[in-house]
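S.K.: Pasting in a structure now, in structure tokens, and then I'll have a few things to ask.
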Amino acid sequence: MSKGTFYITTPIYYPSDKLHIGHTYSTVAADAMARYKRMQGFDVMFLTGTDEHGQKIEEKAKAAGVSPQQYVDKIVAGIQDLWKLMNISYDRFIRTTDDYHMLSIQRIFKTMYQKGDIYKGAYKGLYCTPCESFWTESQLKDGKCPDCGREVNYAEEEAYFFRMSKYADRLRTLLRGGEFLQPPSRVNEMINNFIDCEGGLQDLCVSRTTFTWGVPVDFDPGHVVYVWLDALFNYTTALGFMNDTYDDYDKYWPADVHFMAKEIVRFHSIYWPAFLISLEMPLPKRIFGHGWLNIDGAKMSKSVGNVVDPVILASRYGVDALRYFLLREFPFGSDGNFSNELLITRINTDLANDLGNLVSRTVAMVLKYFGGTLPENQTAAAIDGTSAIDGELVGMVNALRGMYETQMEKYAFQNALTEIFRVTSRANKYIDETAPWVLAKDGANLPRLAAVMYNLLETIRVCAVLLKPFMPITSQKIFEQIGAHEAVQSWDSAAAFGELPRNATVTKGDAIFPRIDMAKELEILAGEL
Ligand code: MSP
């Protein structure tokens, strides 16, 4: 039985260059959320894609000596390969060069024009091409783009404008009230800098005439639609809004959450709701602006030349290790400094030592003491959950799903993972406390030994279920090793301790996360990245 729908999106990325771990971060976060909601029984729509129009792409293609379409086709294929490698379970991939999307954008633009929300005028001002963003003189920082710090160009051209100013009050109320923009720390910045700033909220230029790589305005062909209007509506055209290619708009809109990093919160929390209000459409329930992955305090970006390639990291350490690191190391709403040392330390401490050891020790002991299969009657007889040590472990496992859920619902991935790893640490300590190797010396202790093993396997199982959204391949490996069949891999089965059959059979497998030699790896990475 479906619990309802859940619609989640990533930004659609510019295929101007290949993507780095900053983009991977947003996409992995959305994937973890999508997998978590699917596991809970929601009917999930997870959308990602590429934002292919605009001046920046046109210039890049020209420099490469190919057509813009050829240029983006190649990069988009690479992006799709990256998402396949990273195990991204998107349901739909939209390209803004898809015919259905372009047709929808023309219809949307015309509808706004006919309603009087778009009018013709002339633009005189500044433009940041890398950000595809309009600025006024007073908004610049030291004469440069306040978002990316790069040069802006003067632009003067005939243009269509969207009556953004008309929506200032509605937007202020939207941002101030409730939960629309998360984390809440971003609200004041938006209101102060863009709505209640000097001169107030300005009408927005929504067409360009000095280049051609975009969606043509059908009733005025010299104009192409401003790339941000073209891009933002992807979240609805991909569901079939204003086109017949898909028929999911009524089912999934409004989105439950749009994920993005903080630099494009402005477009999503001001432009996007204003466009939607203009068309009398429901607004997304939430937009979440997460922090940046920085390198030495500076945002990772191609133009700065400090990018880290996810393909190299995933191929050296595994996709799951990288996915885990990204969501465990940094609080989702804040910036974080990426370094290879941090990555390797996190893999060694949490994944190799803590989780990996717990699984391999437990499986090895069940093999050694019971030939791989727990003796059902002894196990069942000895689990009373009343001894203090057992009680504490079982209590933690019983409480885990609820605590995890509370954190996941707040997109607090770091905290959700911390809850799981508190339990794996406790289980490792439980091995030391119960000293199975001592119990094994006396045949009279076999029922107790079986109970200890069962408690460990069951703890591992519940952790592996809750790790599925983050490390799907690893969870599967763990299930195979501890003999947890499909029925006990589900969300429901993680609600409480005791679902694993009492006569579980384990299978020896490879170490799920081999330890990494830090010094050696740092040297190799310095050469590769
Ligand atoms: N095309 C627009 C988005 C349109 S959405 C309707 C765009 N594209 S982008 O390729 O520049 O991607 C920006 C997004 O990539 C960020 O908002 C974030 O989700 C992700 N990131 C890119 N660099 C990042 C970091 N260094 N750190 C964290 N996220 C990063 O903007």
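S.K.: Can you list, largest first and rounded to whole Å, the semi-axes you get for the stretch 174-224 by taking the square root of 5 times each eigenvalue of its Cα gyration tensor? Write down the numbers at each step before the final one.
M.R.: Values: eigenvalues 221, 39, 17 Å².
Each semi-axis is the square root of five times an eigenvalue, giving 33, 14, 9 Å.
S.K.: Have a look at the DSSP beta bridges in the chain and tell me what percent are antiparallel, nearest 5.
M.R.: Close to 50 percent.
S.K.: Compute the semi-axes of the equivalent ellipsoid of the stretch 107-234, taking the square root of 5 times each eigenvalue of the Cα gyration tensor, and list them largest first in whole Å. Could the numbers behind the result be given before it?
M.R.: Details: eigenvalues 122, 79, 35 Å².
Semi-axes, largest first: 25, 20, 13 Å.
S.K.: Provide the net charge surrounding Lys262, with neighbours chosen by a C-beta distance below 11 Å and charges set as Lys +1, Arg +1, Asp -1, Glu -1.
M.R.: Details: positive: Arg186, Arg266, Lys299; negative: Asp147, Glu189, Glu263, Asp335.
Result for the neighbourhood of Lys262: -1.
S.K.: Run the Debye formula on the Cα coordinates of the stretch 1-61, all scatterers equal and no solvent, and tell me log10 I(q)/I(0) at q = 0.29 1/Å.
M.R.: Each listed q corresponds, in turn, to -1.13.
S.K.: Does the stretch 392-468 come out rounded, prolate or oblate by the C-alpha gyration tensor, with a ≥ b ≥ c the root eigenvalues, rounded set by a/c under 1.5 and, if not, prolate when a/b is larger than b/c and oblate if not? Walk me through the intermediate numbers first.
M.R.: Details: a/c = 3.53, a/b = 2.95, b/c = 1.20.
Because a/c hits 1.5 or more and a/b exceeds b/c, the stretch 392-468 counts as prolate.
S.K.: If I stretch the segment between Gln476 and Asp247 completely, what's the gain in nm (0.36 nm per residue apart, minus their alpha carbon distance), one decimal? Write down the numbers at each step before the final one.
M.R.: Numbers: separation 229, 0.36 × 229 = 82.44 nm, distance 3.40 nm.
Separation in residues times 0.36 nm, less the Cα-Cα distance, equals 79.0 nm.
S.K.: Got a sec to turn the phi values of the stretch 228-243 into Karplus ³J(HN,Hα) couplings, 6.51 cos²θ - 1.76 cosθ + 1.60 with θ = phi - 60°, whole Hz, x for Gly and Pro?
M.R.: Ordered by residue, 3J(HN,Hα) equals 6, 5, 4, 6, 4, 6, 4, 5, 10, 5, 5, 9, x, 5, 6, 8 Hz.
S.K.: Could you compute Rg(Cα) / (2.2 N^0.38 Å) for the chain, with N its residue count? Kindly include the intermediate steps, with their values, before the conclusion.
M.R.: Numbers: Rg = 26.5 Å, N = 529, 2.2 N^0.38 = 23.8 Å.
Relative to the 2.2 N^0.38 Å estimate, the chain comes out at 1.11.
S.K.: If one computes P(r) from the Cα atoms of the stretch 70-157, what percent of pairs lie at distances over 20 Å? It would help to have the intermediate numbers written out before the result.
M.R.: On the way: 2435 of 3828 pairs.
I get 64 percent for the Cα pairs in the stretch 70-157 exceeding 20 Å.
S.K.: Still on this structure: Enter the Cα centre distance for the pair the stretch 159-236 and the stretch 267-331, rounded to the nearest angstrom.
M.R.: 20
S.K.: Quick one: grab the alpha carbon gyration tensor of the stretch 217-262, order the square roots of its eigenvalues as a ≥ b ≥ c, and give me rounded if a/c is under 1.5, else prolate or oblate depending on whether a/b is larger than b/c.
M.R.: Values: a/c = 4.16, a/b = 1.36, b/c = 3.07.
In terms of gyration-tensor shape, oblate.
S.K.: Hey, what angle do you get for helix 518-528 against the long axis of the chain, alpha-carbon based, 0 to 90 degrees rounded to 10?
M.R.: 30
S.K.: Relative to the longest principal axis of the chain, what angle (0 to 90°, nearest 10) does the C-alpha long axis of helix 21-40 take?
M.R.: 60
S.K.: Among Ala519, Val363, Gly222, whose Cα lies farthest out toward the positive end of the dipole of the chain, if unit charges sit on the beta carbon of Lys, Arg (+1) and Asp, Glu (-1)?
M.R.: Of the listed residues, the answer is Val363.
S.K.: How far is the Cα center of the stretch 387-440 from the Cα center of the stretch 1-51, in Å?
M.R.: 28
S.K.: Specify which residue in the list Ile12, Thr97, Phe161 is farthest towards the positive end of the charge dipole of the chain, using unit charges on the beta carbon of Lys, Arg (+1) and Asp, Glu (-1), about the Cα centre.
M.R.: It is Ile12.
S.K.: Another question about this same structure. Please list, in chain and number order, the residues 5+ apart from Leu181 or on another chain whose amide H is under 5 Å from its amide H, with Hs placed from the backbone.
M.R.: Result for Leu181 returns Ile287.
S.K.: Once Rh for the stretch 224-327 is found with the Kirkwood sum over Cα pairs, what is the Stokes-Einstein diffusion coefficient at 37 °C and 0.692 mPa s, in µm²/s? Each step should come with its number before you reach the end.
M.R.: Values: Rh = 16.4 Å.
D, rounded to a whole number, is 201 µm²/s.
S.K.: Same structure, new question: Residue by residue through the stretch 62-77, what is 3J(HN,Hα) from phi via Karplus (6.51 cos²θ - 1.76 cosθ + 1.60, θ = phi - 60°)? Round to whole Hz and write x for glycine and proline.
M.R.: Working through the residues one at a time gives 4, 4, 8, x, 10, 6, x, 5, 4, 4, 6, 4, 5, 5, 5, 4 Hz.
S.K.: Give me, ordered by chain and number, the residues 5 or more places off Cys205 or on other chains with an amide H under 5 Å from its own placed amide H.
M.R.: Phe162
S.K.: Tell me the mean residue ellipticity at 222 nm calculated for the chain from its helices only (DSSP H runs of n ≥ 4, each -39500 (n - 2.57), averaged over every residue, nearest 500). Don't skip to the answer; put the middle values down first.
M.R.: Working: 21 runs with 238 residues, N = 529.
That comes out to -13500 deg cm²/dmol.
S.K.: Right, here's the next one. Over the alpha-carbon set of the stretch 341-484, work out the extent along each principal axis and list the three values in angstrom, largest first.
M.R.: Result for the stretch 341-484: principal-axis Cα extents of 48, 30, 24 Å.
S.K.: Mind checking the dipole of the chain: about its Cα centre, +1 per Lys or Arg Cβ, -1 per Asp or Glu Cβ, Debye to the nearest 20? Before the final figure, lay out the partial values.
M.R.: Details: 54 positive and 65 negative charges, 112 e Å.
Roughly 540 debye, rounded to the nearest 20.
S.K.: Can I ask one more? Give the cysteines in the chain for which no other Cys Cβ lies under 4.7 Å away, or write none if there are none.
M.R.: Isolated Cys, the chain: Cys148, Cys197, Cys205, Cys463.
S.K.: Near the amide H of Gly49, under 5 Å away, which other amide H atoms are found, from residues 5 or more places off or on another chain, if H is placed in the peptide plane?
M.R.: Placed amide hydrogens put Tyr13, Ile94 under 5 Å from Gly49.
S.K.: Would you mind putting 439-447, 510-518, 389-397 in packing order, based on average other-beta-carbon counts within 10 Å, highest first? Walk me through the numbers before you get to the answer.
M.R.: Numbers: 439-447: 13.0, 510-518: 15.9, 389-397: 17.8.
Ranked by mean Cβ neighbours within 10 Å, highest first: 389-397, 510-518, 439-447.
S.K.: Report the per residue volume, in Å³, of the convex hull enclosing the C-alpha atoms of the stretch 35-103.
M.R.: Cα convex hull per residue, to the nearest whole number: 97 Å³.
S.K.: Can I ask one more? Would you mind working out the magnitude of the charge dipole of the stretch 461-513 relative to its Cα centre, with +1 at each Lys and Arg C-beta and -1 at each Asp and Glu C-beta, to the nearest 20 Debye? Each step should come with its number before you reach the end.
M.R.: Numbers: 5 positive and 5 negative charges, 25 e Å.
Around 120 debye, computed over the stretch 461-513.
S.K.: Right, here's the next one. Quick check for me: using +1 on Lys/Arg Cβ and -1 on Asp/Glu Cβ, what's the dipole size of the stretch 302-421 about its Cα centre, in debye to the nearest 20?
M.R.: On the way: 9 positive and 14 negative charges, 80 e Å.
Taking the Cα centre of the stretch 302-421 as origin, the dipole is about 380 debye.
Rule-based calculations on the coordinates, nothing more; no lab input. Values in this document were obtained by computation on a predicted structure and should not be read as measured data. Reconstructed Cβ throughout: ideal geometry from the backbone, glycine too, with neighbour counts over all protein chains shown.
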